[in-house]
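Q: Before I ask anything, here is the structure I am working with.
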Amino acid sequence: MKPNIVWQTDFSLTWGAVCSMRGVVKQVDPELECYDITHDIEMFNVLAASREIMYVEPFWPKGTIFVSVVDPTVGTDRKACVAKLKDGNYVVTPDNGTLTHLYYNVGVEEVREIDTTTNRYPTTKEVSVFHGRDIFAYTAARLASGIIDYQQVGPSYPVKDIVVADYQFVKAKVFDRNITGIVTSVSDYFGSILFNVLTSDFNRVGYKHGDIVHLKITHNGKVYFEDDVPYEKSFGYVDLNMPVLYNSSSNYISVGLNQNNFRDHYHIKDGKDWIVTMSKKD
């Protein structure tokens, strides 16, 4: 069985960009199947791309080829690459920070720069603004179909040279039950928000379901939320419209409102300036 190709972009589905990428894949090999993570990543938000692919990648079988295209410096000298992860999956992407979460959480075994003299859609050599179609989709399809093997992607370069963001974006330093982290995602469809606090770390320092946690969220010194919040298995353990801390599906700690939208209600955004603190309420 040939590997699946799993996509994410900031292109949206309101025009023909993603369809063009699919067309290139089908021209290379009509048997290849493409699946979507999302095409609604915030425009130019490389760290959002890094985060979204991390949530999905562990749940796909070994050998899957992911294509992530959030590429604000398309057409410049930034590298186009294929990273081979330590779990056996591949990521075809601009090397611009998209690999950050996977680099820290899964690990990169090897990375190769795409040789665009061979791995580029042949009729678009004068186009420099659509590498998602002309380089990334084309290379992913050639790799998935077996036309090229991984070594034929292009020359390898040191894994340590991969562009990654500050580790703060991936994981909070959790030493005790007084935790300081950041808001890393507000993209949940239902309006819950995600912190960079791993569930395993949260539990390791002694938090357990049923605890009351003093939660505070600030941005540039302004308090957007502060209250005592129960830590529970899911939303139904609190009354309607009340906040609850819980283990997200991505294995990070999240907070939401029972049948309401925490993000919009409290006007929360993400980024390193959105600070969260947690402490045990006695």
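Derivation of every value follows stated rules applied to the coordinates shown; laboratory data play no part. Being a predicted model, the structure only gives us computed values, none of them experimental. With ideal geometry, Cβ positions are generated from the backbone for all residues, glycine too; neighbour counts draw on all protein chains shown.
Q: Report, ordered by chain and residue number, the aspartates and glutamates lying within cross-link reach of Lys222, taken as a straight Cα distance under 20 Å and ignoring same-chain residues fewer than 8 apart.
A: Asp264, Asp270, Asp273
Q: Run through the stretch 133-191 and list the chymotrypsin sites (Phe, Trp or Tyr not before Pro) located in a DSSP loop whose Cβ has at most 15 other Cβ atoms within 10 Å. Before the final figure, lay out the partial values.
A: Numbers: sites: Phe136, Tyr138, Tyr150, Tyr167, Phe169, Phe175, Tyr189, Phe190; in loops: Phe175, Tyr189, Phe190.
In loop regions of the stretch 133-191 (DSSP not H, G, I, E or B), the sparsely surrounded chymotrypsin sites (Phe, Trp or Tyr not before Pro) are Phe175, Tyr189, Phe190.
Q: From largest to smallest, what semi-axes in whole angstrom does the stretch 227-282 give when each is the square root of 5 times an eigenvalue of its alpha carbon gyration tensor? Walk me through the intermediate numbers first.
A: Working: eigenvalues 61, 42, 30 Å².
Equivalent ellipsoid of the stretch 227-282: 18, 15, 12 Å, largest first.
Q: Over the stretch 53-208, consider all pairs of different Cα atoms and compute the Kirkwood hydrodynamic radius from their mean reciprocal separation; express it in Å, one decimal.
A: One decimal place: 17.1 Å for the Kirkwood radius.
Q: Here's another thing I want to ask about it. Calculated from DSSP H runs of 4 or more alone, at -39500 (n - 2.57) each and per residue, what is the 222 nm mean residue ellipticity of the chain, nearest 500? Spell out each step's value before the answer.
A: On the way: 6 runs with 48 residues, N = 282.
-4500 deg cm²/dmol, from helical runs alone.
Q: Helix 46-56 versus the longest principal axis of the chain: what is the Cα-based angle in degrees, 0 to 90, to the nearest 10?
A: Rounded to the nearest ten degrees, it is 80.
Q: Further question: If the reach is capped at under 19 angstrom between alpha carbons, list the lysines near Lys26, excluding any in the same chain fewer than eight residues apart.
A: Filter leaves Lys2.
Q: Given a Förster distance of 22 Å, report the FRET efficiency between Thr277 and Asp166 from their Cβ-Cβ distance, rounded to the nearest 0.05. Intermediate results must be reported in sequence, preceding the final value.
A: Numbers: r = 19 Å, r/R0 = 0.86.
Here the calculated transfer efficiency is 0.70.
Q: What aspartates and glutamates does Lys280 reach when the alpha-carbon gap must be under 15 Å and sequence neighbours fewer than 8 apart in one chain are set aside?
A: Partners within reach: Asp176, Asp201, Asp211, Glu226, Asp227, Asp228, Glu232.
Q: Taking the chain as the reference, fit the longest principal axis to its C-alpha atoms, fit the long axis of helix 17-28 to the helix C-alpha atoms, and give the angle between the two in degrees, 0 to 90, nearest 10.
A: With both axes taken from Cα atoms, the answer is about 50 degrees.
Q: Same structure again: Please list, in order along the stretch 183-198, the HN-Hα scalar couplings obtained from phi with the Karplus expression 6.51 cos²θ - 1.76 cosθ + 1.60 (θ = phi - 60°), rounded to whole Hz, x for Gly and Pro.
A: Each residue of the stretch 183-198 in turn: 7, 9, 8, 10, 8, 4, 4, 8, x, 6, 10, 10, 9, 8, 9, 5 Hz.
Q: Mind running the shape call on the stretch 119-199? Use the C-alpha gyration tensor, a ≥ b ≥ c as the square roots of the eigenvalues: rounded below 1.5 for a/c, prolate if a/b tops b/c, oblate otherwise.
A: On the way: a/c = 3.07, a/b = 2.15, b/c = 1.43.
Since a/c reaches 1.5 and a/b is larger than b/c, the shape of the stretch 119-199 is classed as prolate.
Q: Moving to a separate point now. Given charges of +1 on the Cβ of Lys and Arg and -1 on the Cβ of Asp and Glu, with all other atoms neutral, how large is the dipole of the chain about its Cα centre, in debye to the nearest 20?
A: Values: 28 positive and 35 negative charges, 71 e Å.
The calculation lands at about 340 debye.
Q: I've got another one for you. Over the stretch 13-138, what is the relative contact order in whole percent, taking alpha-carbon pairs under 8 Å and six or more residues apart?
A: Working: 168 pairs, mean separation 34.6, N = 126.
Reported as a whole number, the value is 27 percent.
Q: How much length would be gained if the chain were fully extended between Asn261 and Lys216, taking 0.36 nm per residue of separation minus their Cα-Cα distance, in nm to one decimal?
A: The span from Asn261 to Lys216 would gain 14.5 nm if fully extended.
Q: While we're looking at this one, here's another question. In percent, what relative contact order does the chain have, based on Cα pairs under 8 Å that are 6 or more apart in sequence? Working shown, then result.
A: Details: 607 pairs, mean separation 43.1, N = 282.
It rounds to 15 percent for the chain.
Q: Mind counting lysine pairs for me in the stretch 76-199? Cα separation below 27 Å, and the two need to be 8 or more apart along the chain or on different chains.
A: Lysine pairs, 8 or more places apart or on different chains, close enough: 11.
Q: Another question about this same structure. How about the stretch 105-189: which GluC sites (Glu not before Pro) there lie in a loop by DSSP and see at most 13 other Cβ atoms within 10 Å? Present the calculation step by step, with values, prior to reporting the outcome.
A: Numbers: sites: Glu109, Glu110, Glu113, Glu126; in loops: Glu126.
Within the stretch 105-189, the qualifying GluC sites (Glu not before Pro) (loop, at most 13 other Cβ atoms within 10 Å) are Glu126.
Q: If you don't mind, another one. Could you quote the convex hull projected area for the chain, Cα atoms only and averaged over all directions, in nm²?
A: Numbers: hull surface 63.1 nm².
Hull-based average projected area comes out at 15.8 nm².
Q: Considering the dipole of the stretch 21-87 built from charges on the beta carbon (Lys and Arg +1, Asp and Glu -1) around the Cα centre, which of Val28, Val82, Thr38 is farthest to its positive end?
A: Ranked along the dipole, the leading option is Val82.
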